[in-house]
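Participant: What follows is a single structure, and I will ask about it in a moment.
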Amino acid sequence: LVLFISMLFLTLLLLFLALFPGAFNCCTKVSDEIPKGILRRVETFEIQKADGLCHLEAVILYIEGRKFCVSPRIRKVKKWMKKKKCKIPRKKTHGRKQRRTKIIEKKEKKQ
């Protein structure tokens, strides 16, 4: 009976982890301050929203394999995130220009 209950518990735990992989990866506390040079060393970052399994807004900074949770309301962090997002290339506009060019070329060939 003990073996059955243990196996049932383990099965339910594995099922929970499979269905909710981020359940144990949420930031539970955030820092309201950030040292000067830390943003320069960030390798990747994520934005944690206060919905679903995680009940706290946070910016998760990954530095040398470690995770730091900071408040998204810090002015330095807001400015840094805005700067990072501006560097993302916009591919949709380029694709539309190419399609329009191709359509125009086809129309010219028909005439």
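Participant: Taking the Cβ of Gly65 as the center, what net charge do the other residues with Cβ under 13 Å away carry, scoring Lys and Arg +1 and Asp and Glu -1?
Facilitator: Summing Lys and Arg as +1 and Asp and Glu as -1 gives +1.
Participant: Now, a different point. Would you kindly state how much longer the chain becomes between Glu64 and Leu13 on full extension, computed as 0.36 nm times their sequence separation minus their alpha carbon distance, in nm to one decimal? Intermediate results must be reported in sequence, preceding the final value.
Facilitator: Values: separation 51, 0.36 × 51 = 18.36 nm, distance 3.00 nm.
So the extension gain works out to 15.4 nm.
Every read-out reported here was derived from the displayed coordinates using simple, explicitly stated rules and does not represent laboratory data. Given the structure is predicted, the values throughout are model-derived calculations rather than measurements. Cβ atoms come from the backbone with ideal geometry, glycine included; neighbour counts cover every protein chain shown.
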